[in-house]
Amino acid sequence: MSGIPTFAVPPTFLGVTNTSRDADYVVAGIPLDVGVTNRTGARSGPAAVRAASRMLTDGAHPHFWVEPAAMPVADVGDFAIALGDIAKSLALIEAQAEGLKHLLAIGGEHGVSLALLRALRKRVGAPLAMVHFDAHVDTWPDNFGQVYGHGSPFFHAIEEGLIDPARTIQIGIRSPVQREVWDWTVGKGVTILSAQDVHEIGPAAVAERVRAVVGTAPAYFTYDVDCLDPAFAPGTGTPEFAGLLPWQVQAIIRRLGGLDFVGMDVVEVAPAYDVAEITALSAATVVWEYLALLGSR
């Protein structure tokens with residue numbers, strides 16, 4: 001061990017001191033959870049994930065042999081939101097995301113992905129491919145009358161032409177879902193791998209499927225922590241039985257080198273329901289793995 005002890009690391013992601021929006025990789029928190037359908041509390045996710053990231057600062061990544069904390073990473077703090085107003089919050093988030101070279105967002109509810117995809121679509125100039133870890137398809141046309149709830153971002157992303165459904169893959173899906181929502185999603189061309197699929201075929205086969213779906217297109221990576229089994233991620237608003245295991249997620253991500261990722265988010269950490277920071281640490285580790293994957297190229 002070297003440097004300062006983890007408990008004394010500054011309260012930014014990986015303890016970085018750079019706050020410039022011009023950095024190659026920019027971390028931002030998005031403390032929004034107005035559109036959740038079960039337990040609230042994801043607004044506290046960014047602070048919890050930053051705190052847990054201290055555990056990842058004492059050395060290099062042991063697979064890629066890069067040190068994410070030493071990469072050109074900045075933490076610009078939390079994006080502003082409009083209190084109680086989802087549509088205005090999404091507009092604010094989109095505006096703050098524009099112009100960033102490569103954003104790594106920490107939510108907050110999954111609805112924030114819609115604003116981030118809107119901003120990226122303008123920069124990339126074409127619909128994005130997407131790798132989506134989740135327990136839920138998040139393609140409901142509305143959530144109990146709220147069209148921008150956290151279960152709807154990818155319905156709108158498909159309808160607005162932000163993502164290419166034929167180059168979109170969802171991993172870990174297992175929640176109850178109306179058949180018409182499932183059929184609409186698959187009918188648009190989205191590839192769905194259930195948690196059971198992942199358990200049965202293994203991470204290597206999943207990664208190959210991801211590569212086949214995404215191809216060479218610019219891709220967005222979105223990670224809802226409820227893709228994990230609640231035993232490993234109790235601190236989330238909509239836990240679902242029989243989910244992915246952390247080692248499976250890690251093994252899949254480490255096999256995605258060469259894909260053209262242009263942005264990512266980690267969402268739905270609700271620390272009030274967490275135990276010993278295990279959910280927050282899982283989320284922080286996914287961001288760290290993603291940075292190491294990019295650094296290795």
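Tally up the residues in the stretch 203-234 that are within 15 Å of the chain's Cα centre (by Cα) and within 26 Å of Glu277 (Cβ to Cβ), please. Reasoning before the result, please.
Step one: list which residues in the stretch 203-234 are within 15 Å of the chain's Cα centre (by Cα), which gives 219-228, 233.
Next, only the ones that are within 26 Å of Glu277 (Cβ to Cβ) stay: 221-228, 233.
Of the residues in that region, 9 qualify.
Among the residues of the stretch 165-181, just one is in contact with an Asp or Glu (Cβ under 7 Å, 6 or more places away or on another chain), outside any strand (DSSP E or B) and of a type outside the set (Ser, Thr, Tyr), namely Arg174.
What's the total number of residues in the stretch 39-51 that are surrounded by 24 or more Cβ atoms within 10 Å (Cβ to Cβ) and more than 13 Å from Val287 (Cα to Cα)? Within the stretch 39-51, residues that are surrounded by 24 or more Cβ atoms within 10 Å (Cβ to Cβ) and more than 13 Å from Val287 (Cα to Cα) number 3.
Condition check ((1) modelled with pLDDT under 95; (2) within 19 Å of the chain's Cα centre (by Cα)) across all residues:
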{"position": "Phe13", "(1), (2)": "no, yes"}
{"position": "Ser20", "(1), (2)": "no, no"}
{"position": "Asp33", "(1), (2)": "no, yes"}
{"position": "Ala42", "(1), (2)": "no, yes"}
{"position": "Arg50", "(1), (2)": "no, yes"}
{"position": "Gly59", "(1), (2)": "yes, no"}
{"position": "Met71", "(1), (2)": "no, no"}
{"position": "Phe79", "(1), (2)": "no, yes"}
{"position": "Lys88", "(1), (2)": "no, no"}
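Between a residue in the stretch 10-30 that is on the phi > 0 side of the Ramachandran plot and any residue that is β-branched (Val, Ile, Thr) and part of a loop (DSSP other than H, G, I, E, B), which pairs come within a Cβ distance under 9 Å, given they are 6 or more apart or on different chains? Within 9 Å, the pairs are Leu14/Thr57; Gly15/Ile4; Gly15/Val9; Gly15/Thr57. Scanning the stretch 235-256 for residues that are under 14 Å from the mean Cα position of the chain (by Cα) and over 27 Å from Val124 (Cβ atoms) returns Thr236, Gln250. Kindly provide the set of residues from the stretch 209-232 that are touching a residue at least 12 places away in the same chain (Cβ under 8 Å) and over 23 Å from Phe154 (Cα atoms), ordered by number. Within the stretch 209-232, Pro230, Phe232 qualify. If you check His102 against the conditions, is it at pLDDT 95 or above and out of contact with any helix residue (DSSP H, G or I) (no Cβ under 7 Å at 6 or more places or on another chain)? Against the criterion (at pLDDT 95 or above and out of contact with any helix residue (DSSP H, G or I) (no Cβ under 7 Å at 6 or more places or on another chain)), His102 qualifies. Report, by residue number, each residue of the stretch 257-269 that is crowded, with 19+ Cβ neighbours inside 10 Å and over 14 Å from the mean Cα position of the chain (by Cα). Within the stretch 257-269, Leu259 is the sole residue that qualifies. The single residue among Thr12, Thr40 that is among the hydroxyl-bearing types (Ser, Thr, Tyr) and in contact with a Lys or Arg (Cβ under 7 Å, 6 or more places away or on another chain) turns out to be Thr12.
Among the residues of the stretch 69-92, those that are over 16 Å from Ser44 (Cα atoms), charged (D, E, K, R) and touching a residue at least 12 places away in the same chain (Cβ under 8 Å) comprise Asp75, Asp85. Across the stretch 86-123, the number of residues qualifying as on the phi > 0 side of the Ramachandran plot and surrounded by 23 or more Cβ atoms within 10 Å (Cβ to Cβ) comes to 1.
With respect to Ile93, determine if the residue is more than 26 Å from Asn18 (Cα to Cα) and touching a strand residue (DSSP E or B) at 6+ places or on another chain (Cβ under 7 Å). The answer is no for Ile93.
For the stretch 142-164, filtering for residues that are surrounded by 13 or more Cβ atoms within 10 Å (Cβ to Cβ) and either among the small types (Gly, Ala, Ser) or part of a strand (DSSP E or B) (or both) leaves 8. Once the stretch 271-297 is narrowed to residues that are part of a loop (DSSP other than H, G, I, E, B) and in contact with a Pro (Cβ under 9 Å, 6 or more places away or on another chain), the residue that is nearest to His63 (Cα to Cα) is Glu277.
For the stretch 243-256, the set of residues classified as within 13 Å of Val214 (Cα to Cα) and either of a type in the set (S, T, N, Q) or buried (at least 24 other Cβ atoms within 10 Å of the Cβ) (or both) is empty.
Quick one: which residue in Val36, Val137 is crowded, with 17+ Cβ neighbours inside 10 Å, under 25 Å from Gly172 (Cβ atoms) and touching a helix residue (DSSP H, G or I) at 6+ places or on another chain (Cβ under 6 Å)?
Working: Val36 fails: touching a helix residue (DSSP H, G or I) at 6+ places or on another chain (Cβ under 6 Å).
Being crowded, with 17+ Cβ neighbours inside 10 Å, under 25 Å from Gly172 (Cβ atoms) and touching a helix residue (DSSP H, G or I) at 6+ places or on another chain (Cβ under 6 Å) holds for just one of Val36, Val137, which is Val137.
The values are calculated or read from the model by the stated rules, or taken from the named source; none is laboratory data. Bear in mind the structure is a predicted one, so any value in this text is a computation, not a measurement. As a convention, Cβ positions derive from the backbone with ideal geometry for all residues, glycine included, and neighbour counts pool all protein chains shown.
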